[in-house]
Amino acid sequence: MNTTPEALARQVIDAQLAAAGWVVQDRAEMNRTASLGVAVREFPLANGPCDYLLIVAGKACGVIEAKPAGTTLSGVTEQARGYQPQPQQALARWSDPLRFDYQGSGTEILFSDRVDPLHRSRRVFAFHRPETLHEWLKSGSSLRARLTDMPPLIIDGLRDCQVEAIEGLEASLGSDRPRAFVRMATGAGKTFTAATLAYRLLAHADARRILFLVDRNNLGRQTLKEFQTYRPPGTGRLFTELYNVQRLGAAGLDPPAKVVISTIQRVFAQLTGTELSEED
């Protein structure tokens with residue numbers, strides 16, 4: 001058995017891809033329609049064989065560059081981006097150049113999307129599922145791109161501090177700074193502010209789902225009531241008439257839910273499969 005560091009990393013990556021719903025194949029047995037998502041090892045491209053070619057719905061869309069555990073993956077980003085088909089290569093593909101690239105070591109995964117305004121690699125927890133990449137490919141856009149083109153905020157009914165908070169958050173997100181923090185005084189309408197931002201992210205940036213975390217069940221109940229009575233400006237309808245809102249419970253996630261309200265303990269239980277008391 002080949003136990004070089006490179007081979008060990010690829011064994012782990014094979015398992016990670018399979019867990020995410022990909023069918024992993026050798027080049028000699030390639031069948032690009034075997035599944036929605038197919039990952040082909042050592043596929044020849046213009047500047048040599050890539051470690052994995054990713055095929056979604058029968059067409060190539062990205063590559064994976066595999067490295068031994070411990071490799072500084074940020075240093076191989078350009079290598080991954082350099083793997084592209086030859087112009088006349090008989091390979092069905094979604095775009096030229098290929099849109100997605102990953103760098104993986106078995107212990108770390110970096111990912112980048114060429115349609116993002118700032119094309120840079122970022123850490124992800126796992127390889128995306130083929131269904132997710134398929135949705136992105138069909139849309140032709142990305143969340144980060146849409147966040148740079150948000151319409152002006154309707155300020156009717158909003159306090160000055162709420163306007164400042166929402167506009168500041170959207171400016172941060174639009175500048176590709178996804179980690180942001182808002183501090184508001186008690187009674188300033190924090191949940192109303194969050195509901196307004198949630199509506200704008202869903203309606204204008206086509207966000208897939210928003211998680212609203214609370215640390216106590218009574219706060220979760222209060223938050224749900226606020227979403228149920230909130231009317232997004234200019235719609236004439238309740239938020240819950242436009243989007244499904246769910247309080248996460250033991251039954252798990254409701255797929256159509258666009259806003260999920262949950263305690264930290266319940267999210268932990270869902271992710272680990274281990275029940276945790278709400279008092280812990």
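The values are calculated or read from the model by the stated rules, or taken from the named source; none is laboratory data. Note that the structure is predicted; figures quoted are calculated from it, not measured. FYI the Cβ positions are ideal-geometry reconstructions off the backbone, even for glycines, and counts take in every protein chain you see. For the accessible areas, the whole protein counts, side chains as well, though only heavy atoms, and no ligand, DNA or RNA atoms are used. Shrake-Rupley method; radii C 1.70, N 1.55, O 1.52, S 1.80 Å.
Being more than 18 Å from ASP14 (Cβ to Cβ) and surrounded by fewer than 13 Cβ atoms within 10 Å (Cβ to Cβ) is true of GLN88. Scan the range 223-268 for residues that are open to solvent by 70 Å² or more (accessible area, probe 1.4 Å) and either of a type in the set (Ser, Thr, Tyr) or on the phi > 0 side of the Ramachandran plot (or both) and the total you get is 2. The residues of the range 94-119 that are open to solvent by less than 40 Å² (accessible area, probe 1.4 Å) and over 22 Å from ASP14 (Cα atoms) amount to a single one, ASP116. Taking residues in the range 191-212 that are closer than 13 Å to LEU242 by Cβ and in a helix (DSSP H, G or I), and partners anywhere that are modelled with pLDDT under 95 and of a type in the set (Ser, Thr, Tyr), the pairs with Cβ atoms closer than 9 Å and at least 6 places apart or on different chains are TYR199/THR235; ALA203/THR235. The single condition among (1) surrounded by fewer than 17 Cβ atoms within 10 Å (Cβ to Cβ); (2) assigned to a helix (DSSP H, G or I) that LEU169 does not satisfy is (1). Contact map, the range 77-91: residues that are among the β-branched types (Val, Ile, Thr) paired with residues that are surrounded by fewer than 18 Cβ atoms within 10 Å (Cβ to Cβ), Cβ distance under 9 Å, separation 6+ or inter-chain. Pairs shown: THR77/ARG120.
Of all residues in the range 205-218, those satisfying the criterion of being open to solvent by 70 Å² or more (accessible area, probe 1.4 Å) and in contact with a helix residue (DSSP H, G or I) (Cβ under 7 Å, 6 or more places away or on another chain) are ASP206, LEU213, ASP215. The residue of the range 127-156 that is nearest to GLU108 (Cα to Cα), among those that are open to solvent by 70 Å² or more (accessible area, probe 1.4 Å) and part of a loop (DSSP other than H, G, I, E, B), is ARG129. Candidates in the range 172-190 are the residues that are outside any loop (DSSP other than H, G, I, E, B) and open to solvent by 30 Å² or more (accessible area, probe 1.4 Å); of these, the one that is farthest from PRO233 (Cα to Cα) is LEU173. Set side by side, the residues ALA15, ALA28, ALA69 differ, and just one is outside any helix (DSSP H, G or I) and farther than 26 Å from LYS138 by Cα, which is ALA69.
Test LEU271 against the stated conditions and say whether it is open to solvent by 80 Å² or more (accessible area, probe 1.4 Å) and farther than 28 Å from ILE155 by Cα. Criteria met by LEU271.
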